[in-house]
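A quick write-up on the structure given underneath.
The values are calculated or read from the model by the stated rules, or taken from the named source; none is laboratory data. This is a predicted model, so every value here is computed, not measured. Note: ideal-geometry Cβ built from the backbone for every residue, glycine included; neighbour counts use all protein chains shown.
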Amino acid sequence: MKQPPRRYTFEMPKLYKWLVPRCMGKTLNLFAGKVILCDGEVRVDVDPEMPKLDYLMDAYDFVVYAIHMGMKFDTVVLDPPYNLRKSREKFGGRYIGSFTKIKDLIPEIVADKGTVISFGYSSVGMSKSRGFSIKEICLICHSGDYQDTIVTVEEKDKDERIQSGVECR
């Protein structure tokens, strides 16, 4: 799809229209931003200015908390700042650090046959090594000097408890 870029990914009308039908069941929007995707979504962000947050906290801390609480989601939407430059320019320097650490824990909060929708500059997504299979890829061309955004839609193959090394008490 061709779509001019916006500060908040889901402000792009064509992308929003494509994404919303894919948010099935209990949905976690881990880097929520300004746009609400669906009724009842669980919204997590570190910015208190974002609307209707359920959790005002760091993404990694939320995932650890969700594991501890036994939360499961049918759909998880991952749209973090894609790199340090983007973080500095658009999000006041807030940066998630190692996204790999978060992705390593995500399988523990995704329901059987659940879906993870990842946004970024690569098509790596959750990957087979974490028990996911790619079902769909969406390429968003922003034109001009802007990098394309790549979206992967992946399904969890089966509910294998991944040993994350995180101890939750």
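Overview of results
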{"item": "So Gly131, is it of a type outside the set (A, V, I, L, M, F, W, C), in contact with a helix residue (DSSP H, G or I) (Cβ under 9 Å, 6 or more places away or on another chain) and either more than 28 Å from Pro13 (Cα to Cα) or surrounded by 21 or more Cβ atoms within 10 Å (Cβ to Cβ) (or both)", "result": "yes"}
{"item": "Boolean, Tyr60 is over 30 Å from Ser143 (Cα atoms), in contact with a helix residue (DSSP H, G or I) (Cβ under 9 Å, 6 or more places away or on another chain) and assigned to a helix (DSSP H, G or I)", "result": "yes"}
{"item": "Among the residues listed as Ala32, Ala66, the single one being among the hydrophobic types (A, V, I, L, M, F, W, C) and part of a helix (DSSP H, G or I)", "result": "Ala66"}
{"item": "Condition check for Ala32: in contact with a helix residue (DSSP H, G or I) (Cβ under 6 Å, 6 or more places away or on another chain) and of a type in the set (Gly, Ala, Ser)", "result": "no"}
{"item": "Filter result for Tyr146 (among the aromatic types (Phe, Trp, Tyr) and over 15 Å from the mean Cα position of the chain (by Cα))", "result": "yes"}
{"item": "The stretch 6-29 - residue that is of a type in the set (A, V, I, L, M) and in a loop (DSSP other than H, G, I, E, B) and, of those, farthest from Gly120 (Cα to Cα)", "result": "Met24"}
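Matching residues to (1) at pLDDT 95 or above; (2) closer than 20 Å to Met126 by Cα; (3) of a type in the set (Asp, Glu):
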| residue | (1), (2), (3) |
| --- | --- |
| Pro4 | no, no, no |
| Lys34 | no, no, no |
| Lys86 | no, no, no |
| Ile102 | no, yes, no |
| Ile106 | yes, yes, no |
